[in-house]
1. Any residue in region 66-79 that is surrounded by 10 or more Cβ atoms within 10 Å (Cβ to Cβ) and small (Gly, Ala, Ser)?
2. Which residue pairs have Cβ atoms closer than 8 Å, lie 6 or more positions apart in sequence or on different chains, and pair a first residue in region 45-70 that is closer than 18 Å to Ile6 by Cβ and in contact (Cβ under 8 Å) with a residue 24 or more places away in the chain with a second residue that is of a type in the set (Gly, Ala, Ser) and in a helix (DSSP H, G or I)?
3. Report whether or not Gly78 is under 17 Å from the mean Cα position of the chain (by Cα) and of a type outside the set (Phe, Trp, Tyr).
4. Hey, does region 24-38 have a residue that's in a loop (DSSP other than H, G, I, E, B), out of contact with any strand residue (DSSP E or B) (no Cβ under 7 Å at 6 or more places or on another chain) and among the acidic types (Asp, Glu)?
5. Just a yes or no: is a residue in region 30-39 within 15 Å of the chain's Cα centre (by Cα), surrounded by 10 or more Cβ atoms within 10 Å (Cβ to Cβ) and within 30 Å of Gln3 (Cα to Cα)?
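Coordinate-derived values only; no laboratory data. All figures in this text were calculated on a predicted structure; none of them were measured in a lab. Cβ atoms come from the backbone with ideal geometry, glycine included; neighbour counts cover every protein chain shown.
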Amino acid sequence: MIQQAIGLAVGALVTLVLLQLIGGDSIQDNVLPVAIGAIAAFFWPIVVGWFLVRRAKDRRNNQIEDEVQRQLDQQRRGPG
């Protein structure tokens, strides 16, 4: 539900910006901005999902590196 609302808002915003930039009055002038707005509304979840997956992967890699470093430090110090 929230995803659909955000998608509609993003699509509407992109369409509005493009309509303002082009400044056309006829329907033919408005086809391109409306099409680009619809594409933006369709693809925004994919882009956001890609960003979130990449961020989670970086966080996991950092945790692994920290654990490896901790274990190496522990081995260097010796047992107890």
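1. Taking every residue of region 66-79 in turn, none turns out to be surrounded by 10 or more Cβ atoms within 10 Å (Cβ to Cβ) and small (Gly, Ala, Ser).
2. Pro45/Gly7
3. On the way: under 17 Å from the mean Cα position of the chain (by Cα): no; of a type outside the set (Phe, Trp, Tyr): yes.
In short, no.
4. Filtering region 24-38 for residues in a loop (DSSP other than H, G, I, E, B) gives 24-26.
From what is left, the residues that are out of contact with any strand residue (DSSP E or B) (no Cβ under 7 Å at 6 or more places or on another chain) are 24-26.
Now narrow it down to the ones that are among the acidic types (Asp, Glu): 25.
Looking for residues that are in a loop (DSSP other than H, G, I, E, B), out of contact with any strand residue (DSSP E or B) (no Cβ under 7 Å at 6 or more places or on another chain) and among the acidic types (Asp, Glu), one finds at least one in region 24-38, hence yes.
5. The initial filter retains those residues of region 30-39 that are within 15 Å of the chain's Cα centre (by Cα), namely 39.
Still in the running and surrounded by 10 or more Cβ atoms within 10 Å (Cβ to Cβ): 39.
When the remaining residues are screened for being within 30 Å of Gln3 (Cα to Cα), the result is 39.
Scanning region 30-39, I find at least one residue that is within 15 Å of the chain's Cα centre (by Cα), surrounded by 10 or more Cβ atoms within 10 Å (Cβ to Cβ) and within 30 Å of Gln3 (Cα to Cα), so the answer is yes.
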